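Here is the structure we will look at.
The values are calculated or read from the model by the stated rules, or taken from the named source; none is laboratory data. All values derive from a computational prediction rather than experimental measurement. Every residue, glycine among them, receives a Cβ derived from its backbone with ideal geometry; neighbour counts consider all protein chains shown. Remember, those area values only see protein heavy atoms, side chains included, never the ligands or the DNA or RNA. Shrake-Rupley method; radii C 1.70, N 1.55, O 1.52, S 1.80 Å.
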Amino acid sequence: MAAGLALFGLQAFWGSKMVYPGWSQNYSPVQSGKDLITGGLGADQMLFALAGFREFIAGILWVRADSFFESGNYDAILPIIRLVTFLDPHEIDVYATGMWHIGYNFTDEEQRSDRRYLPSALALGEEGAKQNPNTYELYFETGWLWYHKIDDNYDKAVYWMEQADSKQDILLQPARRNLLSRLYERNGEIDKALNHWYTVYDIAQAAYDEDKDRRNYQLRQNRDTIENNLDTLLIRMSQRGYFAEKENRSLEGYDVNPPFDVGFSVKVTVTDERVIRVQGNWNVLSIGSRIRCVLRDANFPNVIPGGDNWDKGATVNFDPDRQSTYMQEQLFVRNQRFDKTIDMSRDPTMYPFFGDNYVLEFYYNPRSAPEHIQDKFGWNGEGMTDKENPTNMRTDIRPGMKCLYLSLPISKDQILLRGKYRGTTPVIRSAGYHDTEKDYTHTATGEADIPILRGQ
Amino acid sequence: MRPIIAIAKATVGEAIRRRVLLIILFVATILLFVAPLLGVLSARQEKTVLTGFVLGIVQLSSAVIAITLTVYMLPNEIERRTIYTILSKPVQRFQFLMGKYLGAVSALALMMGLMACVTILEFGVMQHDWAKGIELLQGIGMFFVQMSLLASVAMCLSTFVAPLVNFFLSGGIYLIGTLGYAFFDSFNKNPNAPAFSKGLAWFVSTILPNFASYNVQNKLINPETVIQNQFAYAVNAVVYGLFYIVIMLIAGMLIFDRREV
């Protein structure tokens, strides 16, 4: 009996000290405390999962998710994504599809995505990358989300793309490495962008040289694309005065000098309950020029001017804060004007307006601008100015650059036409706003007046 | 030692003649052959799902075989009164129990060996990947230790519990034992877990055998996974299993020794 008890004690010691730590580190399905694999599984599925059929159950669940995609039942897909990634954390496609789905597909009536989901999409990407550290894919996908969807905070995009770039298997998709150079540009790291173009060019040239028979068209195309981009960047560095600035020479005569007067002003009219009309002036060439307009809670968490930090920790939570409001819209500019009616009345769950005070933000980041506009504005906005409202040009919003930023307060009573605003049409104007009789929004009847950017 | 070996040999002969075990084995083999067709159910490589599914079949069918094989061993001998013939010979009760257990484990080894052969053939012939099939022997080997542990639990219980109750009890212990570490780990990694739940999970995972220790498919299903000290872990897990098997057999012997048959 005593020997049996001693053995029992020994097994307990051996199990907890010698076996469990290794199991927890290498074989546990639990990555963090809330990730117990059984959550959300039916009894039969749980039994199968426990019996070792985790990948199999994950596969069946993902097939089920496909049918939900087909029927547009997007809410039903979220728990399946979570479950599949618990059961089989190496399902890279599920992580990638899940990130895309969460980040892009939850939209309002006017196809504006619900940005409150972005932290979850990012957290899913981060978790996927952590679970699959040997492949570039989820690092790339997370970087892509920062670059394409968030289109701001480029330092984050660079971080993830650098991680992706360090993985061996990205060499199987060489063109994907090119994006990092673009991101360095967006992040204001022009020298790094140039160096990276040279690096990928050398690799592309070597791969092309290895293909003795010249049968692989992609190798040639990739090399030529990189060469073209490299040349273009060098020309831009020259024309935008990058080299001159480095050598402390005058920027006189370069494209960014004299700075272009963007002449920004805006008027916001609450035309109906939860419906706002945003009108304004913006002297910049139409094509590809969009001003970001944000309407959010004044105390929206983790916020930065004109956007958000979005990266709110590694916890994947598919249920965003239903009490906060965050609307983001792009104001398309045509003939120096923008005029957009934003209707938030049909989607009360996306725009609940629980708080009392809100902020209207107008933001233009020259690093997100298309190349032809950047040719005048420069990478860091050095070619922008606003003569009438110089306070709109800010250098304290994003490090190392000048951007347009204007913040206007608006109250819940104004948006919902309640209290003293009942029966009125609230109007909020920025300084220097001037109305115009011209109808710039219809080119058929309006007068086209497209200025060029080069010089004044 | 000779009586133990004789009883073990007889037990193996008896086991391979039992139709119910052969049917389970047959079904498992059929499922192993069908497994490649299920690869379409995954967004990932078919081979990943196939590997996971094949290992799952081997594990599940081995568990059913291990329990079915052992729960009836002692009760049948008592019911058919053949135990009197054996115990009237110069055979101690502990020798009888040891022989039965070793026979059960040997029969289990035979059946799992057959499944392992089918698995290797499946990967080699159908997937043209003999190396992968042979690599899976690591996982099947660990399953064998797991099933030996399960057999020892069922054997111990069979000394004082009716076969049907034993069947479900052993199955339940296997289920909890498979979950034990996962629950404990879940609480352990969650800083907000209540201390009571954490303590309870620790208690359960300490008392009951941890069958999850032998689920080492990670590396086999996902070759890119980096496992730290794989060999040392395997040795520790096997030693743990041996400790527990010895405990179960000692307990079984003590109970069986005091039991009237």
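Worth a mention:
- Compared with the rule-of-thumb size 2.2 N^0.38 Å for a compact globular protein, the range B:121-261 has a Cα radius of gyration ratio of 1.26.
- Annotation: per residue accessible area for the protein assembly as shown equals 45 Å², rounded to a whole number [probe 1.4 Å, protein chains only].
- Accessible-area composition of chain A, carbon plus sulfur, in percent [1.4 Å probe]: 50 percent
- Residue A:413 contributes an accessible area of around 70 Å² to the protein surface, as traced by a 1.4 Å probe with all chains present.
- Gyration tensor (Cα) of the range A:82-229, equivalent ellipsoid semi-axes in angstrom: 30, 19, 14
- Dipole magnitude of the protein assembly as shown about its Cα centre (Cβ charges: Lys, Arg +1; Asp, Glu -1), debye to nearest 20: 2720 debye
- More than 21 angstrom apart: percent of Cα pairs within the range A:46-121: 29 percent
- Local charge for residue A:298 was computed over the other residues whose Cβ lies under 13 Å away, with Lys and Arg +1 and Asp and Glu -1, and equals -1.
- Max mean-square fluctuation residue, GNM over chain B, Cα-Cα springs under 10 Å, options B:102, B:25, B:110: B:110
- Taking the helices alone, chain B has a mean residue ellipticity at 222 nm of -25500 deg cm²/dmol, built from -39,500 (n - 2.57) per DSSP H run of at least 4 residues and averaged over all its residues.
- Per-selection metrics, the range A:80-148 (Cα): Rg and Dmax in Å: 11.9, 40
- For the chain pair A and B, buried accessible area totals roughly 4400 Å², probe 1.4 Å, rounded to the nearest 100.
- Accessible surface of chain B [probe 1.4 Å, protein heavy atoms]: carbon and sulfur percent: 71 percent
- Euclidean distance between Cα centres, the range B:186-219 to the range A:276-336, Å: 45 Å
- Compactness check for the range A:289-439: Cα Rg over 2.2 N^0.38 Å is 1.15.
- Calculated P(r) of the range A:113-167 - Cα pairs past 17 Å, %: 29 percent
- If only the Cβ of Lys and Arg carry +1 and only the Cβ of Asp and Glu carry -1, the dipole of the range A:148-263 around its Cα centre is close to 340 debye.
- For chain B, alpha-carbon Rg over 2.2 N^0.38 Å: 1.08
- Paired Rg and Dmax values of the range A:351-411, which use every Cα atom, in angstrom: 14.2, 43
- Relative pair counts by distance (%), Cα atoms of the range B:1-150, 10 Å bins: 11, 37, 27, 15, 8, 2, 0
- Ranking of B:29, B:51 by solvent-accessible surface, largest first: B:29, B:51 (1.4 Å probe, protein heavy atoms only, all chains present).
- Note on the range A:222-264: Rg/Rh from Cα positions, Kirkwood definition for Rh, rounded to two decimals, is 1.15.
- Rounded to the nearest 500, the helix-only mean residue ellipticity at 222 nm of chain A stands at -12000 deg cm²/dmol, with each DSSP H run of n ≥ 4 adding -39,500 (n - 2.57).
- Principal semi-axes in Å for the range A:160-303 [√(5λ), Cα gyration tensor, largest first]: 40, 24, 15
- On the principal axes of its alpha carbon atoms, the range B:134-206 extends 41, 40, 15 Å, with the longest extent given first.
- When +1 charges are put on Lys and Arg Cβ atoms and -1 charges on Asp and Glu Cβ atoms, the dipole computed for chain B relative to its Cα centre reaches about 620 debye.
- The Cα-based radius of gyration and maximum Cα-Cα distance (Dmax) for the range B:92-188 are 17.0, 51 Å.
- Measuring between alpha carbons in the structure, the pairs from A:149/A:402; A:267/A:376; A:212/B:47 lying more than 29 angstrom apart are A:212/B:47.
- Percentage, to the nearest whole number, of Cα pairs in chain A over 41 Å apart: 32 percent
- A viscosity of 0.890 mPa s and a temperature of 25 °C, combined with the Kirkwood radius over Cα pairs in Stokes-Einstein, give a translational diffusion coefficient for the range A:287-365 of 174 µm²/s.
- Stokes-Einstein D for the range B:29-105, Kirkwood Rh over Cα pairs, 20 °C, 1.002 mPa s (µm²/s): 139 µm²/s
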